[in-house]
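Participant: Below you'll find the structure I mean.
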Amino acid sequence: MITKFGEKFTVLFQKYMPDAFVFALILTLVTGISAFIWLDATPLKIIQSWYDGFWSLLEFGMQIVLIIITGFAIALSPIINKGIDKLTNYIKTPIQVYFFVTLIGVLLSFVSFGWIVIACVLARELALRIKGINYPFLVACVYFSNGAWVTGLSSSIPLLLGTKNNYLIETGILSETIPTTYTLGSTLNITMMILYLVFAPLLMLIIIPKIKNFKELKDMTDGTDSSNKTSVKEEALNQNLDYPSLSDKLNNSFIIQFIIVLMGLSYIVYHFYTNGFELNFNIMIFIFLVIGMALHKSPMRYVIAMKRSSSNVSGILYQYPFYAGIMGIMIYTGLGESLANMIASVATIDSYPFFAYITGGLVNFAIPSAGGEFAVVGPSIINAVTEIGAGLPPQEVTAMISRASLSVAYGESLTNLLQPFFLLLVFPIMGAGIKIQARDVMGYFVIPFILFFIIQSLLITYIPL
């Protein structure tokens, strides 16, 4: 019954779900009209807010691009390909692929949001080697597994709360930092991690579509992907002149690249020695870059690997500014703050986690960035919780703020299943050279969304922090 239910949603999404860019344009209009009707914002104010926000995610967008292409470049190295070849000796059936790709994706996402690119490469390579895989469903497995990042080491909101002199402290909303023992190390968060680690892979097995005429990777090619015709090493050798030259020696020099890799490794050790296990986008990109250079050995090989890796990232480059524009409307018209205040005003000491969860989920459609969203709704949520907890011991109020903040994070992450924005992380790798759109994948997320919404709502309300 569950499988048939999911198949019906898949057909509906294929029929009615527009391209991800069209979805962004429609969401822009909906957000603007909401500000006009609810806040009486003038059309000019809305358009100005849209433009002012348009460029606010440029750094974030470039970080996402670099995460994808540096991670993909690692995967194109010979050692990774050999590792995947060995893995196929143990993973031989489509069911095993769906299960282990989801499981591995969850484990990687615990470390960092950006490591999903490794799961993408693994999934694509397994789909090339193993017959009978429903490729759009496999894409869904990878994307669904990435939801676990919100419980892991790169979870933006808990890291923000634990950062010294963060904007919440500078503005007087918080009096001091909140240690990660209240957030990432809490019983609630560990329970959420177990939910993703155990239930997510099993759930994807339960909802495997039973249709016979599904699309395998080899059936979806559009004729533009030539990355598998020759290896990176072979293409690098083909770049050489027919006679000895200094330029070729420099292009293929192991020594130059080795020195740069040593410099990079030295800084990575220094970073973790001085900052502890602090992961952010910048250090992750740097680690990926250094590892990629080490694995490809020569500058020319790395250039070719990066060229192949960056051939399909156009969707990120032109769609991120539009979502930044939506965020601008939410911030500069006051729409995001008004929504948070309205929801927080009806919360009680028993229901505030659920309302924070709903707030995180709703606002995520307009601001699909946990840090950006919390900057808009976080102050209102924290102020409301502080008022609700007035008279309680400070330690209990801190626990309430932590629970509410985690609830916002969980809600924000879950509604990514209904919002195609972060498929832009997956498609540059898994969609390279094939015909696939968000509508081919989104229908598979309806049942996981419903089940996780119910389970997470109960957990944030009743599980002790």
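The values are calculated or read from the model by the stated rules, or taken from the named source; none is laboratory data. These numbers were taken from a predicted model, which means no experiment stands behind them. When we count neighbours, we look across all protein chains shown, and the Cβ atoms used for this are built from the backbone with ideal geometry, even at glycine. Side chains included, ligands, DNA and RNA excluded: accessible areas come from the protein's heavy atoms. Shrake-Rupley method; radii C 1.70, N 1.55, O 1.52, S 1.80 Å.
Participant: Assign unit charges at the C-beta atoms only (+1 for Lys and Arg, -1 for Asp and Glu), then state the dipole size of the chain relative to its Cα centre in Debye, rounded to the nearest 20.
Facilitator: Roughly 1640 debye, rounded to the nearest 20.
Participant: Please work out whether region 171-256 counts as rounded, prolate or oblate from its C-alpha gyration tensor, where a ≥ b ≥ c are the square roots of the eigenvalues and a/c under 1.5 means rounded, while otherwise a/b larger than b/c means prolate and anything else oblate?
Facilitator: oblate
Participant: Enumerate the calculated ³J(HN,Hα) couplings along region 191-199 in order (Karplus 6.51 cos²θ - 1.76 cosθ + 1.60, θ = phi - 60°), each rounded to whole Hz, writing x wherever the residue is Gly or Pro.
Facilitator: 5, 5, 4, 5, 4, 5, 5, 9, 7
Participant: When only C-alpha pairs under 8 Å and at least 6 residues apart count, what is the relative contact order of region 242-382, in percent?
Facilitator: Answer for region 242-382 is 21 percent.
Participant: What are the trypsin sites (Lys or Arg not before Pro) within region 356-459 that DSSP puts in a loop, where the Cβ has at most 16 other Cβ atoms within 10 Å?
Facilitator: Counting only loop positions with at most 16 other Cβ atoms within 10 Å, the trypsin sites (Lys or Arg not before Pro) in region 356-459 are LYS435.
Participant: Over the chain, with every protein chain in place, what whole percent of the accessible area is carbon and sulfur at 1.4 Å, could you tell me?
Facilitator: Carbon and sulfur together cover 66 percent of it.
Participant: Next question. Residue by residue through region 230-246, which ³J(HN,Hα) values in whole Hz follow from phi under the Karplus form 6.51 cos²θ - 1.76 cosθ + 1.60 (θ = phi - 60°), with glycine and proline marked x?
Facilitator: 9, 6, 4, 4, 5, 5, 4, 5, 5, 7, 6, 6, 6, 9, x, 8, 5
Participant: Something else: For helix 394-414, what angle does its Cα long axis make with the longest principal axis of the chain, in degrees from 0 to 90 and rounded to 10?
Facilitator: Orientation of helix 394-414: about 50 degrees from the principal axis.
Participant: Roughly how tilted is helix 281-296, in degrees to the nearest 10 and between 0 and 90, from the longest Cα axis of the chain?
Facilitator: That helix lies at roughly 10 degrees to the long axis.
Participant: Can you spot the aspartates and glutamates whose alpha carbon is less than 12 Å from LYS15's alpha carbon? Ignore those fewer than 8 places along the same chain.
Facilitator: Counting by Cα, and skipping residues close in sequence, LYS15 has these aspartates and glutamates nearby: ASP440.
Participant: Return the long-range amide H neighbours of SER154 (sequence gap of 5 or more, or a different chain), with a cut-off of under 5 Å between placed amide H atoms.
Facilitator: It is PHE113, by chain and number.
Participant: Shifting gears a bit: Defining a contact as two alpha carbons under 8 Å apart and six or more residues distant in sequence, what relative contact order in percent does the chain show?
Facilitator: Value for the chain: 30 percent.
Participant: Further, regarding this structure: Over 28 Å between C-alpha atoms is what I'm after, so list which of LYS82/LYS131; LYS164/LYS307; LYS45/LYS435 land there.
Facilitator: LYS164/LYS307; LYS45/LYS435
Participant: In whole percent, what relative contact order does region 124-188 give with Cα contacts below 8 Å and a gap of six or more residues?
Facilitator: 23
Participant: Right, another one. Which far-off residues, 5 or more places away or on another chain, put their amide H under 5 Å from the one on GLN419, with H placed in the peptide plane?
Facilitator: none
Participant: List the chymotrypsin sites (Phe, Trp or Tyr not before Pro) within region 178-257 that DSSP assigns to loop and that have no more than 16 neighbouring Cβ atoms inside 10 Å.
Facilitator: Passing both the DSSP loop test and the Cβ count: PHE214.
Participant: Quick one: which residues, 5 or more positions from ILE434 or on another chain, have an amide H under 5 Å from its amide H? H modelled 1.01 Å from N in the peptide plane, none for Pro or chain starts.
Facilitator: ASP222
Participant: Mind checking the per residue accessible area of region 380-465 for me, 1.4 Å probe, whole number of Å²?
Facilitator: On the way: 2680 Å² over 86 residues.
Value for region 380-465: 31 Å² per residue.
Participant: For the chain, take the longest principal axis of its alpha carbons; what is the angle in degrees between that and the long axis of helix 299-309, to the nearest 10 within 0 to 90?
Facilitator: 50
Participant: A further question on this structure: Go ahead and estimate [θ] at 222 nm for the chain from helices alone: -39,500 (n - 2.57) per DSSP H run with n ≥ 4, summed, over the residue count, rounded to 500.
Facilitator: -21500 deg cm²/dmol
Participant: On to the next question. Arranged from highest to lowest average of other beta-carbon atoms within 10 Å per residue, in what order do the peptides 392-398, 375-381 appear?
Facilitator: Ranked from most to least packed, the peptides come out as 375-381, 392-398.
Participant: Something else: Which chymotrypsin sites (Phe, Trp or Tyr not before Pro) in region 27-105 pass both tests, a DSSP loop state and at most 15 other beta-carbon atoms within 10 Å?
Facilitator: Filter output for region 27-105: TRP55, TYR90.
Participant: I'd like the FRET efficiency for LEU39 and VAL11, computed as 1/(1 + (r/R0)^6) with the beta carbon distance as r and R0 of 60 Å, rounded to 0.05.
Facilitator: That pair, LEU39 with VAL11, gives E of 0.95.
Participant: Let me spell out the model: positive unit charges on the Cβ of Lys and Arg, negative unit charges on the Cβ of Asp and Glu, origin at the Cα centre of region 317-465. What dipole size does that give, in debye rounded to 20?
Facilitator: Roughly 400 debye, rounded to the nearest 20.
Participant: On to the next question. Taking square-rooted eigenvalues a ≥ b ≥ c of the alpha carbon gyration tensor, is region 348-446 rounded, prolate or oblate, where a/c under 1.5 means rounded and, failing that, a/b exceeding b/c means prolate?
Facilitator: prolate
Participant: Under 1.5 on a/c is rounded, so check that first for region 229-268, then, if it is not, pick prolate when a/b is larger than b/c and oblate when it is not; a ≥ b ≥ c are the square roots of the alpha carbon gyration tensor eigenvalues.
Facilitator: The shape class here is oblate.
Participant: Okay, moving on. From the list [x] 21, 40, 27, 11, 0; [y] 20, 43, 31, 6, 0; [z] 23, 55, 21, 1, 0, can you say which value of P(r) over Cα pairs in 20 Å bins from 0, in percent was derived from the structure given?
Facilitator: So the structure-derived entry is [z].
Participant: Using the Karplus equation 6.51 cos²θ - 1.76 cosθ + 1.60 (θ = phi - 60°), what ³J(HN,Hα) coupling, rounded to whole Hz, does each residue of region 449-457 give in order, writing x for Gly and Pro?
Facilitator: 4, 4, 5, 5, 4, 5, 5, 5, 4
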